[in-house]
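The values are calculated or read from the model by the stated rules, or taken from the named source; none is laboratory data. Every value quoted in this text rests on a predicted model; they were computed, and no experiment measured them. Ideal geometry is used to build each Cβ from the backbone, glycine not excepted, and the neighbour counts take in all protein chains shown.
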Amino acid sequence: MNQAGFEGLRAAAPQRRPFIVSRSGWAGMQRWAWNWTGDVSSTWESMRQQIATVVGLGLSGIPYSGSDIGGFSGVPDDELYLRWLQMSVCMPYCRTHSVRGVPPREPWCFGEPTKRILASWIRFRYRLLPYLYTLAHLASESGVPLIRPLWWPDVDIDVDDAFLVGHALLVAPVTEPGARERTVPLPPGGWASVWGDGRVGAAPVHAPLERIPVLARAGCVVPLDDGWAEPGGPCHVEGDSAGTTVAGAGGIGIGVALDHAPRLLAFHCWADEDGVATGVCVDDAGDGDGPTRRDDVRVEEARPGATARCTWERSGDFPAPPVVRVVLHGLSVTRAVADGVEVPVTGAGVECAAFSELTLEGLAPAAPAGA
């Protein structure tokens, strides 16, 4: 059935990329469809189970999956719905859905402060899209899932309530009512909070209602869309503006546009102890089977007192965006030169046209700042 639906859509609109969501199937369905985890109940226990379910689906060869935010059959309170959405924002398939006859649960139906926090996390979802889109491309090539267990690929960690998003990010959802911190078991290597708390260990991590622990692995470059940044919100960089947001449905104000292109593609770099960070970004037109572009980004000597060198190798026929941002987390920059031309330094980031080599001078330790 999934294959028939795919082939039918392909025949009806050959210029489009078929998109099918199926509730059931076997290994192999990922060639034709995404899926979701079914009609789960609106309980904290069910929310926690979705982590193991989505991880298990990915390990079984089905990488594009997610759950109904808030559960399907029930009425989640504000806290359960919010914590469920915070988790789902970091998963491949992110949607809210419910059985008929229950109160509306669109994000703008909640009161404050829940509605404000939900809007902030929906913006964060849009910031994550370049990274999630890259992982989707890589999954289609290799089968490696977007959502991975903490033991991936060979670490001795037995945890089923946290997960990796690709290689670079670790997400630890809050799955108990009233909890405002949680212990995060970490794979080897350095980890830093994307919310600006600096390096973290396995001790309890602060998790107020406004956020859950999202950690970046040292040595990684993560592509984000900084056009969705909001002052004081998740992954804010000093010097960011809120972007050109407009009122959305119900006044939630996220300003969703149908254009696939990132508002401002940004390479966020968390260097390791040797001052090195690497990452990949893959992009295309957002629909159809046209050309793609792969970005391989590498940063060297990103440490205090040194001059960092960032190289950006592009392959493929899809054009690069006219402006990009580069951010070295934990460091301040006084001068930047892109392909021999000096470019302005804005807050914690540097914005410039597409480049092959960018040098970042006058590096010094910076106060912790979010992504």
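What pairs come out if I take residues in segment 99-112 that are aromatic (Phe, Trp, Tyr) and pair them with residues that are loosely packed, with under 10 Cβ neighbours inside 10 Å whose C-beta lies under 8 Å away, six or more apart or interchain?
Final answer for the pair search is TRP108/GLY251.
Under 6 Å by Cβ, and 6 or more places apart or on different chains, what pairs join a residue from segment 114-136 that is under 29 Å from ASP77 (Cα atoms) with one that is in a helix (DSSP H, G or I) and modelled with pLDDT under 95?
LEU118/PRO107; ARG123/TRP228; TYR126/TRP228; ARG127/TRP228
For residues in segment 316-344 being touching a Pro at 6+ places or on another chain (Cβ under 8 Å) and among the small types (Gly, Ala, Ser), which is surrounded by the most Cβ atoms within 10 Å (Cβ to Cβ)?
Here is the first cut: in segment 316-344, the residues touching a Pro at 6+ places or on another chain (Cβ under 8 Å) are 316-318, 321, 330-332, 336.
Filter once more, so that each one left must be among the small types (Gly, Ala, Ser): 316, 330, 332, 336.
Numbers: GLY316: 14, GLY330: 22, SER332: 18, ALA336: 24.
Looking at residues that are touching a Pro at 6+ places or on another chain (Cβ under 8 Å) and among the small types (Gly, Ala, Ser), I get ALA336.
Based on what the data block shows, is ALA139 surrounded by 15 or more Cβ atoms within 10 Å (Cβ to Cβ), assigned by TED's automatic domain parsing to the domain that holds PRO153 and either of a type outside the set (D, E, K, R) or touching an Asp or Glu at 6+ places or on another chain (Cβ under 8 Å) (or both)?
Yes.
All but one of (1) out of contact with any strand residue (DSSP E or B) (no Cβ under 7 Å at 6 or more places or on another chain); (2) without any contact (Cβ under 8 Å) to a residue 60 or more places away in the chain; (3) surrounded by fewer than 22 Cβ atoms within 10 Å (Cβ to Cβ); (4) more than 29 Å from ALA27 (Cβ to Cβ) hold for PRO76; state the number of the condition that does not hold.
(3)
Assess whether GLY28 counts as being at pLDDT below 95, within 17 Å of PRO92 (Cβ to Cβ) and of a type outside the set (Lys, Arg).
Working: at pLDDT below 95: yes; within 17 Å of PRO92 (Cβ to Cβ): no; of a type outside the set (Lys, Arg): yes.
Considered against the rule, which asks whether it is at pLDDT below 95, within 17 Å of PRO92 (Cβ to Cβ) and of a type outside the set (Lys, Arg), GLY28 comes out as no.
Free of Cβ contacts under 8 Å to residues at least 40 places away in the same chain, within 30 Å of LEU80 (Cβ to Cβ), over 25 Å from the mean Cα position of the chain (by Cα) and not in a strand (DSSP E or B): which single residue out of GLY8, GLY38, GLY25 fits that description? Spell out the reasoning first.
Working: GLY8 fails: within 30 Å of LEU80 (Cβ to Cβ); GLY38 fails: over 25 Å from the mean Cα position of the chain (by Cα).
Within the list GLY8, GLY38, GLY25, the selection yields GLY25.
How about segment 68-90: which of its residues are touching a His at 6+ places or on another chain (Cβ under 7 Å) and either of a type outside the set (Asp, Glu) or assigned to a loop (DSSP other than H, G, I, E, B) (or both)? Steps first, answer last, please.
Taking segment 68-90 and keeping what is touching a His at 6+ places or on another chain (Cβ under 7 Å), we get 68, 72.
Passing the criteria: only PHE72.
Do any residues in segment 315-326 that are without any contact (Cβ under 8 Å) to a residue 40 or more places away in the chain have Cβ atoms under 6 Å from those of residues that are surrounded by 14 or more Cβ atoms within 10 Å (Cβ to Cβ) and among the hydroxyl-bearing types (Ser, Thr, Tyr), where the two are at least six apart or on different chains, and which pairs are they?
Every condition considered, the pairs that remain are GLY316/THR292; PHE318/THR292.
Here is a yes/no grid of residues against (1) closer than 30 Å to GLY275 by Cβ; (2) buried (at least 18 other Cβ atoms within 10 Å of the Cβ); (3) not aromatic (Phe, Trp, Tyr):
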site	(1), (2), (3)
TRP151	yes, no, no
ASP154	yes, no, yes
ASP161	no, yes, yes
LEU164	yes, yes, yes
LEU169	yes, yes, yes
PRO173	no, yes, yes
ASP197	yes, no, yes
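Which of (1) surrounded by fewer than 16 Cβ atoms within 10 Å (Cβ to Cβ); (2) under 25 Å from ARG211 (Cα atoms); (3) modelled with pLDDT of 95 or more; (4) not basic (Lys, Arg) is the odd one out, the single condition PRO368 does not satisfy?
(3)
So, in segment 273-315, of the ones that are touching a His at 6+ places or on another chain (Cβ under 8 Å) and among the β-branched types (Val, Ile, Thr), which residue ends up surrounded by the fewest Cβ atoms within 10 Å (Cβ to Cβ)?
Among them, the one singled out is THR292.
When you look at ILE147, is it in contact (Cβ under 8 Å) with a residue 24 or more places away in the chain, touching a His at 6+ places or on another chain (Cβ under 8 Å) and surrounded by 22 or more Cβ atoms within 10 Å (Cβ to Cβ), yes or no? Reasoning before the result, please.
Values: in contact (Cβ under 8 Å) with a residue 24 or more places away in the chain: yes; touching a His at 6+ places or on another chain (Cβ under 8 Å): no; surrounded by 22 or more Cβ atoms within 10 Å (Cβ to Cβ): yes.
It is false that ILE147 is in contact (Cβ under 8 Å) with a residue 24 or more places away in the chain, touching a His at 6+ places or on another chain (Cβ under 8 Å) and surrounded by 22 or more Cβ atoms within 10 Å (Cβ to Cβ).
Working only within segment 206-222, note down all residues that are in a loop (DSSP other than H, G, I, E, B) and at negative phi. Give the derivation first.
So in segment 206-222, the residues in a loop (DSSP other than H, G, I, E, B) come out as 207-213, 218-219.
The answer is ALA207, PRO208, LEU209, GLU210, ARG211, ILE212, PRO213, ALA218.
Just one of the numbered conditions (1) surrounded by fewer than 21 Cβ atoms within 10 Å (Cβ to Cβ); (2) within 20 Å of PRO145 (Cβ to Cβ) is not true of ARG182; which one?
Failing condition for ARG182: (2).
Hey, can you tell me all the residues within segment 86-97 that are touching a strand residue (DSSP E or B) at 6+ places or on another chain (Cβ under 8 Å) and crowded, with 21+ Cβ neighbours inside 10 Å? Outline the logic, then answer.
Filtering segment 86-97 for residues touching a strand residue (DSSP E or B) at 6+ places or on another chain (Cβ under 8 Å) gives 87-88, 90-97.
MET87, SER88, CYS90, MET91, PRO92, listed by residue number.
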